[in-house]
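Down below is the structure, laid out as structure tokens.
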Amino acid sequence: MKKLFKLIFVLTLVGLVAAAVASYVSKKKLETMTDDEIREFLASKLQGKVGDEQLETIQNSVIAGVRKTTSAAQSAQDVIEDAIDKAADAAGDAVDAVSDAAADVKDAVEDAASDIADEIDDATGA
């Protein structure tokens with residue numbers, strides 16, 4: 001009896017994974033289709049099972065859902081690209097600022113070294 005429950009559990013789990021994979025593949029397939037292709041696909045699958053009005057409602061709902069997901073993904077990608085561009089600009093500005101600061105420090109050190117050398121020369125009478 002214990003083996004039977006274990007077998008049923010494993011088969012249920014495998015069925016759920018297979019359904020999830022099939023759903024994902026179907027969704028990706030629909031995303032690549034045009035609206036007319038989606039309508040034809042759904043009509044061929046649901047022909048004779050639902051009425052014309054219900055078929056049209058299903059078709060409109062599926063198309064709206066597919067396009068909503070696609071546009072949301074595109075919007076998210078646009079936001080990410082904008083954030084990357086802003087981060088790259090900020091990094092470039094930071095590099096420029098550090099480079100300018102390093103040049104200023106170098107100039108200050110050279111001036112100080114020159115002043116020290118002049119003081120040493122004056123002190124030694126050279």
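Data for the structure
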| read-out | value |
| --- | --- |
| Subset of segment 20-32 that is free of Cβ contacts under 8 Å to residues at least 24 places away in the same chain and not small (Gly, Ala, Ser) - its residue that is farthest from ILE58 (Cα to Cα) | VAL21 |
| Qualifying position, being over 18 Å from the mean Cα position of the chain (by Cα) and either part of a helix (DSSP H, G or I) or under 28 Å from LEU30 (Cα atoms) (or both), among ALA83, ALA97 | ALA97 |
| Flag for ASP85 being without any contact (Cβ under 8 Å) to a residue 12 or more places away in the chain and of a type in the set (Asp, Glu) | yes |
| Flag for ASP52 being surrounded by 10 or more Cβ atoms within 10 Å (Cβ to Cβ) and without any contact (Cβ under 8 Å) to a residue 60 or more places away in the chain | no |
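The numbers here are math on the coordinates, done by the rules we state, and not lab data. Because the structure is predicted, anything quoted here is derived from the model rather than measured. Glycine also receives a Cβ, built like all others from the backbone with ideal geometry; neighbour counts cover every protein chain displayed.
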